[in-house]
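**Student:** Have a look at this one.
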Amino acid sequence: MDQDDTLKKNHRPSIGIPLIIIACFCNAAMATTAKFISVNYQLPSQILVFARFSISFIILLPLLLLFPRYRPIKETLKIKILQPYLVRNIFGLLSLYAYFYAIQHISLSSAVLLVYTSPLFIPIAFWVWKGVKITKRLWVGLVVGFIGVVLIMAPKYEKLQIGYCIGLLAGITAAVSYVAARLQSHSEKPICVNFYFFLFTAIASFALCAKTFFVIAPSFSLKIWLSLFVMSAFGALFQGLLIIALQWTQVRFLGAFLYLAVAFAMLLDWAVFTKKPGIFSIFGLVLVFLGALLMTILDPERQKTANKTMPS
């Protein structure tokens, strides 16, 4: 069985969709916590990135060491195909740097929205990397969702800011990372994928912020450390749930559901930073949800399954 056959066989939206919805909430909660830390404690984005990955790695280690099902550890951490690891780790790190920079310089909902333009770039990344053609029916849901995104963002683009450009870059690099994660999911163990992802990103982000970290870290209060831990815990949950969801559902199908993080971010922006959504934002969210629904209805794999189960 080749790679494409394996991906189609594992396409189970009834499992993948609930997981991706929870993952999207965790990602929005991580962004909210990062924004809270930035506003209240004025920490630079490179410190947030390092904390996010290093604490997530520390959270992961007990799972690896304490659960018998992960033994022998050497076998659990065995890499079968190296290329997707390299692509995902590098682009995942770049995406989070861009994401946290955007969070600090523009509104929370705008930053989350821009990083979740990634579903629009996923088909392109998949086509460039694997030559996979996207059916026209799936584009319907993606386009409807994107129109909703434009409506949410339109009133905010009074002038072009570097934060918006960096936020869009976060979406593009995230798309490449998602495609690599999907390719990993059919042959690699989720804990193995996350172990090397967090290990690589923790080391790389530390190398980029070590001087600043050693200067300011001794002055961190307990509240700062707790806030960093909460942010990283949400990030680790997002990462783990995303990998599991990608094992059960094709990344192109889950693309529209990634937009749900925008809705969660908007609600959290309202609850935490008292920024109420306007009429354009509300209408845009309706289209976002409609796009996700259309992706479910028009999913070719779902229709094939339904046709096979119909009585003759």
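**Student:** Confirm whether Leu19 is within 19 Å of Ala180 (Cα to Cα) and buried (at least 18 other Cβ atoms within 10 Å of the Cβ).
**Tutor:** Working: within 19 Å of Ala180 (Cα to Cα): yes; buried (at least 18 other Cβ atoms within 10 Å of the Cβ): yes.
Spelling it out, Leu19 is indeed within 19 Å of Ala180 (Cα to Cα) and buried (at least 18 other Cβ atoms within 10 Å of the Cβ).
**Student:** Continuing with this model, one more query. When the stretch 193-207 is examined, which residues are found to be surrounded by 15 or more Cβ atoms within 10 Å (Cβ to Cβ) and either out of contact with any Ser or Thr (no Cβ under 6 Å at 6 or more places or on another chain) or modelled with pLDDT of 95 or more (or both)? Write out each step before concluding.
**Tutor:** Here is the first cut: in the stretch 193-207, the ones surrounded by 15 or more Cβ atoms within 10 Å (Cβ to Cβ) are 193-202, 204-206.
Across the stretch 193-207, the qualifying residues are Val193, Asn194, Phe195, Tyr196, Phe197, Leu199, Phe200, Thr201, Ala202, Ala204, Ser205, Phe206.
**Student:** Tell me whether the stretch 108-118 contains one or more residues that are of a type in the set (Phe, Trp, Tyr) and under 13 Å from the mean Cα position of the chain (by Cα). Steps first, please.
**Tutor:** The initial filter retains those residues of the stretch 108-118 that are of a type in the set (Phe, Trp, Tyr), namely 116.
This time we only want the ones that are under 13 Å from the mean Cα position of the chain (by Cα), so: 116.
Yes, that holds for at least one residue.
**Student:** Given (1) surrounded by fewer than 18 Cβ atoms within 10 Å (Cβ to Cβ); (2) modelled with pLDDT of 85 or more; (3) over 30 Å from Val179 (Cα atoms), identify the lone condition not met by Ser227.
**Tutor:** (1)
**Student:** Sticking with this one: Would a scan of the stretch 135-147 turn up a residue that is within 29 Å of Leu63 (Cα to Cα) and crowded, with 19+ Cβ neighbours inside 10 Å?
**Tutor:** Checking the stretch 135-147: not a single residue is within 29 Å of Leu63 (Cα to Cα) and crowded, with 19+ Cβ neighbours inside 10 Å.
Residue-by-condition table, conditions (1) buried (at least 21 other Cβ atoms within 10 Å of the Cβ); (2) in contact with a Leu (Cβ under 9 Å, 6 or more places away or on another chain); (3) at pLDDT 85 or above:
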| residue | (1), (2), (3) |
| --- | --- |
| Pro84 | yes, yes, yes |
| Phe100 | yes, yes, yes |
| His105 | no, no, yes |
| Ser109 | yes, yes, no |
| Tyr116 | yes, yes, no |
| Pro119 | yes, yes, no |
| Trp129 | no, yes, no |
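**Student:** A further question on this structure: Is there a residue in the stretch 154-170 that is modelled with pLDDT under 80, charged (D, E, K, R) and crowded, with 16+ Cβ neighbours inside 10 Å?
**Tutor:** Within the stretch 154-170 (the criterion being modelled with pLDDT under 80, charged (D, E, K, R) and crowded, with 16+ Cβ neighbours inside 10 Å), the answer is yes, since at least one residue qualifies.
**Student:** Would you call Ser219 within 18 Å of Leu48 (Cβ to Cβ) and in contact with a Phe, Trp or Tyr (Cβ under 7 Å, 6 or more places away or on another chain)? Reasoning before the result, please.
**Tutor:** Values: within 18 Å of Leu48 (Cβ to Cβ): yes; in contact with a Phe, Trp or Tyr (Cβ under 7 Å, 6 or more places away or on another chain): no.
So Ser219 fails the test.
**Student:** Would you point out the residue of the stretch 177-192, among those that are out of contact with any Ser or Thr (no Cβ under 8 Å at 6 or more places or on another chain) and closer than 14 Å to Leu93 by Cα, that is modelled with the lowest pLDDT?
**Tutor:** Looking at residues that are out of contact with any Ser or Thr (no Cβ under 8 Å at 6 or more places or on another chain) and closer than 14 Å to Leu93 by Cα, I get Ala181.
**Student:** Now for a different question. Name the pairs: first residue in the stretch 272-283 and more than 25 Å from Ile37 (Cα to Cα) and at pLDDT below 80, second residue of a type in the set (A, V, I, L, M, F, W, C) and open to solvent by less than 100 Å² (accessible area, probe 1.4 Å), Cβ to Cβ under 7 Å, at least 6 apart or on different chains?
**Tutor:** Close Cβ pairs satisfying both conditions: Phe280/Leu151; Phe280/Ile152; Phe280/Ala154; Ser281/Ile152; Ser281/Met266.
**Student:** Here is a further query. When you scan the stretch 230-262, how many residues do you find that are hydroxyl-bearing (Ser, Thr, Tyr) and either farther than 18 Å from Ile59 by Cα or at pLDDT 95 or above (or both)? Break it down into steps so the answer makes sense when it comes.
**Tutor:** Kept after step one, since they are hydroxyl-bearing (Ser, Thr, Tyr), are these residues of the stretch 230-262: 232, 249, 259.
Within this subset, residues satisfying the condition of being either farther than 18 Å from Ile59 by Cα or at pLDDT 95 or above (or both) are 249, 259.
The total comes to 2.
The values are calculated or read from the model by the stated rules, or taken from the named source; none is laboratory data. Keep in mind that what you see is a predicted model, and the values were worked out from it rather than measured. A quick note on method: Cβ atoms are made from the backbone with ideal geometry, for glycine too, and the neighbour counts reach across all protein chains shown. These area figures cover heavy atoms from the full protein model, side chains too; ligands, DNA and RNA do not enter into them. Shrake-Rupley method; radii C 1.70, N 1.55, O 1.52, S 1.80 Å.
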